[in-house]
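Working notes, structure below.
Rule-based calculations on the coordinates, nothing more; no lab input. This structure is a prediction, so every number in the text was calculated from the model and none was measured. No Cβ is skipped: glycine too gets one built from the backbone with ideal geometry, and neighbour counts run over all protein chains shown.
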Amino acid sequence: MSKKKEMEIRHKADSIESILMVRGIAHMQNEPGVSFGVVEELNRRYRNSDLKVEHPHRGFGGEYIFRSASHLGRKPEGRDA
């Protein structure tokens, strides 16, 4: 994976994470090659959290819906404090 693509995935994951912390729910349009990486990054950061992800229906288009009742109220794994 290219550095540019990795940075894009991290940036989108950070944005979704911020929205979840404030609202507890976030939506992200399905973008082939990026969206799955964002889901994997957030699942890696919050392995033992209440993070739930609704995937779009088959095919292209749709959106991912991320939910966290606790607003991800804990320190993510693998990050420096």
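Things to note:
- Theoretical FRET efficiency, 1/(1+(r/R0)^6), r = Cβ-Cβ of residue 71 and residue 1, R0 41 Å, to 0.05: 0.85
- Each label point was placed 7 Å from the Cα along the Cα-to-Cβ direction; for residue 18 and residue 50 their separation is 2.4 nm.
- Extension gain from residue 25 to residue 8, taking 0.36 nm per residue of separation minus the Cα-Cα distance: 4.1 nm
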